[in-house]
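S.K.: Next up is a structure, given as structure tokens.
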Amino acid sequence: MTQKMGWMILLTGTLMLSPSLAMAERRGEPPDQRLEGHLEELDLSASQAEEVNAALHAGRQEREALYAQKRSEIEKLHSLLERDEPDEATIMKQAEQIGSIKIRAHKSMLRTLLRVREQLSAEQRQKLMSMKRRDCAVDRPTEESRSER
């Protein structure tokens, strides 16, 4: 094999792996950070960027407050569980409270996504959904990785 052919193969392999490596970096990111990363790729106009950033900021503030509330409720649950004679009904009620906060945080993220999407053109929305599908394909466990658990 010639040196030129070797360089071409190396370059082709690098270019093919680049998207996979970028997606691997995003694995484990909170959804809002992943969304922000995708938005950077959409060539937003100045007015779109302003509206999108406002929606992201408001959503982040709402979720941060909910996460703080959830941490507090989890601490309460732990103290209930540490009692010598824990009351099952009280513990289950506390678990419901924590679950409710998690749902509110998830709904907040969905509202943020919808507010962001309102600012995008049809082409930008399509590109964003394509990125999301690509993320889901990277994040989805394979049969092999599931059997390793």
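S.K.: Identify, please: which residue in the stretch 108-134 is touching a residue at least 60 places away in the same chain (Cβ under 8 Å) and of a type in the set (K, R) and is, among those, nearest to H57 (Cα to Cα)?
M.R.: R115
S.K.: Any residue in the stretch 92-107 that's within 25 Å of L56 (Cβ to Cβ): show its pairings with residues that are crowded, with 16+ Cβ neighbours inside 10 Å and aliphatic (A, V, I, L, M) at Cβ separation under 9 Å, as long as the two are six or more apart or on different chains.
M.R.: Here the result reads I101/L66; K102/L66; R104/L66; A105/L66, each pair linking the stretch 92-107 to a residue that is crowded, with 16+ Cβ neighbours inside 10 Å and aliphatic (A, V, I, L, M).
S.K.: Kindly indicate which of S108, S121, S100 is more than 15 Å from the chain's Cα centre (by Cα), hydroxyl-bearing (S, T, Y) and within 30 Å of S45 (Cβ to Cβ). Steps first, answer last, please.
M.R.: Numbers: S108 fails: more than 15 Å from the chain's Cα centre (by Cα); S100 fails: within 30 Å of S45 (Cβ to Cβ).
Of S108, S121, S100, the one residue that is more than 15 Å from the chain's Cα centre (by Cα), hydroxyl-bearing (S, T, Y) and within 30 Å of S45 (Cβ to Cβ) is S121.
S.K.: Just for the stretch 106-133: of the residues that are among the hydrophobic types (A, V, I, L, M, F, W, C) and surrounded by 14 or more Cβ atoms within 10 Å (Cβ to Cβ), which one is farthest from N53 (Cα to Cα)?
M.R.: It comes out as M131.
S.K.: Then there's this: Suppose we keep only residues that are more than 19 Å from I103 (Cβ to Cβ) and of a type in the set (S, T, Y) within the stretch 23-81. Which one would you say is modelled with the highest pLDDT?
M.R.: S79
S.K.: While we're here: I'd like to know if the stretch 68-76 contains one or more residues that are among the acidic types (D, E), more than 15 Å from D32 (Cα to Cα) and either surrounded by 12 or more Cβ atoms within 10 Å (Cβ to Cβ) or touching a strand residue (DSSP E or B) at 6+ places or on another chain (Cβ under 8 Å) (or both).
M.R.: Going residue by residue through the stretch 68-76, those that are among the acidic types (D, E) are 73, 75.
Add one more test, that the residue is more than 15 Å from D32 (Cα to Cα), and what stays is 73, 75.
Okay, now just the ones that are also either surrounded by 12 or more Cβ atoms within 10 Å (Cβ to Cβ) or touching a strand residue (DSSP E or B) at 6+ places or on another chain (Cβ under 8 Å) (or both), so 73.
Yes, that holds for at least one residue.
S.K.: Condition first: in contact (Cβ under 8 Å) with a residue 40 or more places away in the chain and loosely packed, with under 15 Cβ neighbours inside 10 Å. Now tell me which residues in the stretch 51-67 satisfy that.
M.R.: A58
S.K.: Among the numbered criteria (1) farther than 30 Å from E40 by Cβ; (2) in a helix (DSSP H, G or I), which one does P86 miss?
M.R.: Just one mismatch for P86, condition (2).
S.K.: Condition test on R83, is it of a type in the set (K, R) and over 24 Å from the mean Cα position of the chain (by Cα)?
M.R.: It is true that R83 is of a type in the set (K, R) and over 24 Å from the mean Cα position of the chain (by Cα).
The values are calculated or read from the model by the stated rules, or taken from the named source; none is laboratory data. Owing to the predicted nature of the structure, the values given are computational and were not obtained by experimental measurement. Every residue, glycine among them, receives a Cβ derived from its backbone with ideal geometry; neighbour counts consider all protein chains shown.
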